[in-house]
1. Restrict the search to the range 41-120; then list the trypsin sites (Lys or Arg not before Pro) that DSSP places in a loop and that have at most 14 other Cβ atoms within 10 Å of their Cβ.
2. How much solvent-accessible surface does Ser65 expose, in Å² to the nearest 10, with a 1.4 Å probe and all protein chains in place?
3. If you take every DSSP beta bridge whose two residues both sit in the chain, what share of them, in percent to the nearest 5, is antiparallel?
4. Under a crude label model (7 Å from the Cα following the beta-carbon direction), how far is Phe14 from Ile169 in nanometres?
5. So, by mean Cβ neighbours within 10 angstrom, what's the order for 139-150, 116-127 with the highest one leading?
6. Two decimals is fine: what's Rg over Rh for the chain, C-alpha atoms, Kirkwood radius as Rh?
7. Would you please give the FRET efficiency between Glu100 and Asp134, computed as 1/(1 + (r/R0)^6) with r the Cβ-Cβ distance and R0 = 41 Å, to the nearest 0.05?
8. With a 1.4 Å probe and all protein chains kept in place, how much accessible area does Glu90 have, in Å² rounded to the nearest 10?
Amino acid sequence: LGDFLGKLDDLQLFDNTVIILTADHGEGLFDHDWFFHSQNLYESTIRVPLIVRIPSYKAPNKKISRQVALIDIMPTLLELVGAKINVAAEGHSLLALIEEGEKLELNKYIISESPFGGISIRTDKYKLIYSSEDFELYDLEDDPNEKNNISMEKTEVAVNLIKELFGFIIKKEPY
């Protein structure tokens, strides 16, 4: 990465280049008894870094804790270059969030799907995982490692997230 950024600088392109660093998935590494990736919907597998450098934005470096999704990258780049964003496109531009910071709520829900079956819905606080006709609910603030399934204790939260999740599945509309 250092060589690549150095080459951009050598070519006098660094100050005019938007740089986005991310990943398509994490790794299980025996978290929840999974070693590989893409086989579950726990945070160790689906939560990835997203680092954005926009040279034209002179705002100080900031860390944004609001949840965003990788589908937000394309609308962000399109807005940045002034291109029209198709209304059917999934995701939201992150530029307003970058400018306004924590006071802007962008994605109420993040939906993740596993190619091996299963789907999850995540808010800033809770995540519900549905797979093999089983539900798991985690309080990500109190239990960030997702060790305590609280679906039976927080049934109202679980039911509300199940309704939202199945609404997404039926409509297939982006959040």
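The values are calculated or read from the model by the stated rules, or taken from the named source; none is laboratory data. Nothing here was measured: the structure is a model prediction, and the numbers come from that model. Neighbour counts run over all protein chains shown; Cβ positions are idealised from the backbone, glycine included. What goes into the accessible areas is simple: the full protein's heavy atoms, side chains included, and nothing from ligands, DNA or RNA. Shrake-Rupley method; radii C 1.70, N 1.55, O 1.52, S 1.80 Å.
1. Sparse-neighbourhood loop trypsin sites (Lys or Arg not before Pro): Lys58, Lys62, Lys63, Arg66, Lys84, Lys108.
2. Around 90 Å² of this residue is reachable by solvent.
3. Percentage antiparallel, nearest 5: 100.
4. 4.9 nm
5. Details: 139-150: 13.3, 116-127: 17.8.
Packing order, densest peptide first, comes out as 116-127, 139-150.
6. Rounded to two decimals, Rg/Rh equals 1.01.
7. On the way: r = 39 Å, r/R0 = 0.94.
After rounding to 0.05, the efficiency reads 0.60.
8. 90 Å²
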